[in-house]
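The structure under discussion appears below in the form of structure tokens.
Derivation of every value follows stated rules applied to the coordinates shown; laboratory data play no part. These numbers were taken from a predicted model, which means no experiment stands behind them. Virtual Cβ from ideal backbone geometry, glycine too; neighbours counted across all protein chains shown.
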Amino acid sequence: MCLGIPGEVIEILEDRPDLARVSVSGVKRAINIGLLTDDPPVPGDWILIHVGFALSKIDEQEAAAALEFLESIGKAYEDELAALQESRID
């Protein structure tokens, strides 16, 4: 199953403005934000992530609802978080 997971933008990488450091349930990862050129995210924004790419900006309320849903479906969400954990950045 492929999931879109919400994450909060922590910072835009100075040397790679197409990448942002994003927190997804406490896991920090570099995410490509190049698809969001019309409305680029800034620190504090929430984005919907799929396979390392930001697909859209979402508001905090929508992010919370999505996380609640993902936690309720169990294993698929846990698998996705495990994959994020393996590719985390410090």
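Against the chain, whose longest principal axis is taken from its Cα atoms, helix 60-73 shows a tilt of about 30°.
Measure nothing fancy, just the Cα-based angle from helix 75-86's long axis to the longest principal axis of the chain, in degrees from 0 to 90, nearest 10. The angle comes out near 40 degrees. With no solvent and one point on each alpha carbon, what is the Debye value of log10 I(q)/I(0) for the range 38-89 at q = 0.17, 0.23, 0.24, 0.31 Å⁻¹? The computed values of log10 I(q)/I(0) come out as -0.62, -1.04, -1.09, -1.21. Projecting the Cα atoms of Ser25, Val51, Leu70 onto the charge dipole of the chain (Cβ charges, centred on the Cα centre) puts Val51 farthest toward the positive pole.
Its residue count N sets the reference 2.2 N^0.38 Å, and the alpha-carbon radius of gyration of the chain equals 1.00 times that reference.
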